[in-house]
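Peer 1: I have a structure I would like to understand better, so I am pasting it below and will then ask my questions one at a time.
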Amino acid sequence: MAMDIAHRDHLLAAAHGLLAVATLAACVLAEVAVFALRRDAGLYLVPVSAMLLLYRFRRRAAATRVGLVDFSCLKPPRRLRIPVAGLLEHFKLIGCFDDGSVEFMTKVIEASGMGNETYFPPSLHYIPPAATHAEAIREAHMLFFPTLDDLFAKAGVPPSAVGAVVVNCSGFCATPSLSAIIANHYRMPSDVKAYNLSGMGCAAGVIGVDVARNILRTHAISYAVVVSAEIVTVGWYSGKDQSKLLLNCYFRTGCSAALVTNKRGGAPSSPVKYRLVSLTRTNQTANDRSYRSGYRDEDDEGITGFTLGQGVGRMVSELLRAHLLTLSLSILPWREKLRYVAALLISAHRRHHDKLSSSSGGAIPMPDFRTAADHFCLPSSGRPMIWRLGQGLGLGEREMEAALMTFHRFGNQSAASLWYQLAYLEAKGRVRRGDTVWQLGIGSGLKANSLVWERVGADEHGAVERNGRSTLGPWMECIHKYPVTEA
């Protein structure tokens, strides 16, 4: 079957090439005919114009024909579970943290809304933790291969049919690359396009989809895989700098893999579930304060860790204002755009009046993003940050539920968290055909990136088997317990 699909894709690519050559030949013949018949000189432009219009049409069609066939999220083995009480005891036993550091991490974790079912990699269950390169490679294998096996089985697409592999992992950069590890394991073809992204933070998943989209536009391939994971082994910080201890509190093991295609509707055996509606990327890297809001460096004792800079909340707010302005232009319906413009004009008039009367002005109005998206996947940065971000976007508790419950069940898995949230919404049976899903990621730099998907596949109510795999994914054994009130 793998050879049949690869052969079919090769024949399709060859057919497209022959069509392009035939079109060019027809235009040349038409040009020669116009010259031979000595017609009006203006007719010389007709074949050339037709060729350019056809080329533009094909490029636009290819650009807009990006769909999500399916995705998978890893549920780590239960032996790697780390309950909150066990984690706090672990902090005390490993001997690298003083009492002040343990007390700080205890307060952060207890206020974060994290549950007792999150996972650490095997290396961090040791006393002391084995944060070595070898353990990081083992963690990568543990994350990538079960997730991709599940994806290929659900989608009905063999690894040999994949033309590009894009892996994003912020904190770990191996040699050979992580994408090469995947290509080697699955014996992918020699012309597979392998890309490895690092240092992009929690917004890297959107960047990975953007890279895959551009590859599908410019190469004669049909499928690309985007893998998002964070190798927690090398992200562990064993020092005493509180600004670096937050990653120990929030980040947990997880991995996602998404299969995207440029085929209209997908193949008969692997229909498209979602259509990409919008992809928006915004960064403020040129701003020094934004650039230094999150970075990896060494503390006074020479121990490496990730630091959250001062004023990061204010910089994220400024970033989101710029990002939402760009995003709203492409996804908000016209009636909401008109309402928002009217609200801005009224607000500006009131602020001008209040300034003259020396009274304080009201809050700046925000567009209602619930008119543009039916479901929301937000950065999983703990309950306080999720609530703050959700309320700033004008969302209610139901719209924030996927982010809150994902953090409670799995913790923060960096860019992969957005896909765990989509899996939650699907497991709840909330995403119906015609619904739109907004995935928002915020990463170091700072950068804010958004994906908006439209559900075009058939509705799936409850647990459904797809090619022998459950569509409930990582929520298969626990979705009935959620939402929980304490999260």
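Peer 1: Return only the number of the condition from (1) open to solvent by 30 Å² or more (accessible area, probe 1.4 Å); (2) in a helix (DSSP H, G or I) that ALA286 does not satisfy.
Peer 2: (2)
Peer 1: Residues that are in a helix (DSSP H, G or I), under 27 Å from GLN310 (Cβ atoms) and touching a Cys at 6+ places or on another chain (Cβ under 9 Å): does region 236-250 have at least one? First the steps, then the outcome.
Peer 2: Of all residues in region 236-250, those in a helix (DSSP H, G or I) come to 242-244, 246-250.
After this cut, where a residue has to be under 27 Å from GLN310 (Cβ atoms) as well, the list is 242-244, 246-250.
Subsequent filtering for residues that are touching a Cys at 6+ places or on another chain (Cβ under 9 Å) retains none.
No: region 236-250 contains no residue that is in a helix (DSSP H, G or I), under 27 Å from GLN310 (Cβ atoms) and touching a Cys at 6+ places or on another chain (Cβ under 9 Å).
Peer 1: Moving on to the next point. Name the residues in region 200-243 that are surrounded by 24 or more Cβ atoms within 10 Å (Cβ to Cβ) and out of contact with any strand residue (DSSP E or B) (no Cβ under 7 Å at 6 or more places or on another chain), would you?
Peer 2: Those that are surrounded by 24 or more Cβ atoms within 10 Å (Cβ to Cβ) and out of contact with any strand residue (DSSP E or B) (no Cβ under 7 Å at 6 or more places or on another chain): ILE231, THR233.
Peer 1: Identify all residues within region 103-128 that are free of Cβ contacts under 8 Å to residues at least 60 places away in the same chain and either closer than 22 Å to GLN413 by Cα or among the charged types (D, E, K, R) (or both); write none if there are none.
Peer 2: GLU103, THR106, LYS107, GLU110, ASN116, PRO122, HIS125, TYR126 - these are the residues of region 103-128 that are free of Cβ contacts under 8 Å to residues at least 60 places away in the same chain and either closer than 22 Å to GLN413 by Cα or among the charged types (D, E, K, R) (or both).
Peer 1: Kindly indicate the residue of region 183-199 that is out of contact with any Pro (no Cβ under 6 Å at 6 or more places or on another chain) and part of a loop (DSSP other than H, G, I, E, B) and also least open to solvent (accessible area, probe 1.4 Å) among those meeting that condition.
Peer 2: First pass over region 183-199, keeping only residues out of contact with any Pro (no Cβ under 6 Å at 6 or more places or on another chain): 183-185, 187, 189-199.
If we keep only those that are part of a loop (DSSP other than H, G, I, E, B) as well, we get 187, 189-192, 198-199.
Numbers: ARG187: 171, PRO189: 47, SER190: 129, ASP191: 101, VAL192: 28, SER198: 54, GLY199: 44 Å².
That would be VAL192.
Peer 1: For region 125-153, what are the residues that are in contact with a strand residue (DSSP E or B) (Cβ under 7 Å, 6 or more places away or on another chain) and open to solvent by 10 Å² or more (accessible area, probe 1.4 Å)? Before you say what the answer is, go through the steps one by one.
Peer 2: Within region 125-153, the subset in contact with a strand residue (DSSP E or B) (Cβ under 7 Å, 6 or more places away or on another chain) is 143-144, 147-148, 150-151, 153.
Listed by number, the residues that qualify are ASP150, ALA153.
Peer 1: May I ask you to list pairs of residues, at least six apart or on different chains, whose Cβ atoms are under 6 Å apart, with the first in region 400-426 being at positive phi and the second being open to solvent by 10 Å² or more (accessible area, probe 1.4 Å)?
Peer 2: GLY411/MET114; SER414/CYS202; SER414/GLU230
Peer 1: Considering each of VAL46, VAL108 in turn, give the residue that is part of a helix (DSSP H, G or I) and either open to solvent by 50 Å² or more (accessible area, probe 1.4 Å) or modelled with pLDDT under 75 (or both). Full working, then the answer.
Peer 2: Details: VAL108 fails: either open to solvent by 50 Å² or more (accessible area, probe 1.4 Å) or modelled with pLDDT under 75 (or both).
Checking each option against the conditions leaves just VAL46.
Peer 1: Looking only at region 314-330, decide whether some residue is in a loop (DSSP other than H, G, I, E, B) and open to solvent by less than 50 Å² (accessible area, probe 1.4 Å). Write out each step before concluding.
Peer 2: So the first thing to find is which residues in region 314-330 are in a loop (DSSP other than H, G, I, E, B), and the list is none.
No, region 314-330 contains no residue that is in a loop (DSSP other than H, G, I, E, B) and open to solvent by less than 50 Å² (accessible area, probe 1.4 Å).
Peer 1: How many residues are within 25 Å of LYS481 (Cβ to Cβ) and touching a Phe, Trp or Tyr at 6+ places or on another chain (Cβ under 8 Å) when one looks only at region 109-131?
Peer 2: First, pick out the residues of region 109-131 that are within 25 Å of LYS481 (Cβ to Cβ): 109-121, 125.
Subsequent filtering for residues that are touching a Phe, Trp or Tyr at 6+ places or on another chain (Cβ under 8 Å) retains 112-114, 117-119.
Count: 6.
Peer 1: Ok, one more. State whether one or more residues within region 273-281 are of a type in the set (D, E, K, R), buried (at least 17 other Cβ atoms within 10 Å of the Cβ), out of contact with any Ser or Thr (no Cβ under 7 Å at 6 or more places or on another chain) and not in a strand (DSSP E or B).
Peer 2: Yes - at least one qualifying residue is present in region 273-281.
Peer 1: So if I check each of ALA212, ALA224, ALA161, ALA194, which one is out of contact with any Ser or Thr (no Cβ under 8 Å at 6 or more places or on another chain) and small (Gly, Ala, Ser)? Don't jump to the end; show me each part of the working.
Peer 2: Working: ALA224 fails: out of contact with any Ser or Thr (no Cβ under 8 Å at 6 or more places or on another chain); ALA161 fails: out of contact with any Ser or Thr (no Cβ under 8 Å at 6 or more places or on another chain); ALA194 fails: out of contact with any Ser or Thr (no Cβ under 8 Å at 6 or more places or on another chain).
Residue meeting the stated conditions: ALA212.
Peer 1: Kindly indicate which of LEU74, LEU88, LEU68 is surrounded by 14 or more Cβ atoms within 10 Å (Cβ to Cβ) and out of contact with any helix residue (DSSP H, G or I) (no Cβ under 7 Å at 6 or more places or on another chain). Step through it out loud before you land on a result.
Peer 2: Values: LEU74 fails: out of contact with any helix residue (DSSP H, G or I) (no Cβ under 7 Å at 6 or more places or on another chain); LEU88 fails: out of contact with any helix residue (DSSP H, G or I) (no Cβ under 7 Å at 6 or more places or on another chain).
Unique residue meeting the criteria: LEU68.
Peer 1: Next question. Which of the residues that make up region 351-393 are modelled with pLDDT of 85 or more and over 21 Å from CYS249 (Cβ atoms)? I'd like the intermediate steps shown before the answer.
Peer 2: Applying the first criterion (modelled with pLDDT of 85 or more) to region 351-393 yields 369-393.
Answer for region 351-393, where residues must be modelled with pLDDT of 85 or more and over 21 Å from CYS249 (Cβ atoms): PHE369, ARG370, THR371, ALA372, ALA373, ASP374, HIS375, PHE376, CYS377, GLN391, GLY392, LEU393.
Peer 1: Looking at region 117-127, is at least one residue at pLDDT below 95, over 26 Å from PHE172 (Cα atoms) and of a type in the set (Gly, Ala, Ser)?
Peer 2: Scanning region 117-127, I find no residue that is at pLDDT below 95, over 26 Å from PHE172 (Cα atoms) and of a type in the set (Gly, Ala, Ser), so the answer is no.
The values are calculated or read from the model by the stated rules, or taken from the named source; none is laboratory data. In this text the structure is predicted, and so the values were computed from the model without any measurement. Using ideal geometry, Cβ is built from the backbone for each residue, glycine included, and neighbour counts are taken over all protein chains shown. The accessibility values were calculated without ligands, DNA or RNA, using every heavy atom of the protein model including side chains. Shrake-Rupley method; radii C 1.70, N 1.55, O 1.52, S 1.80 Å.
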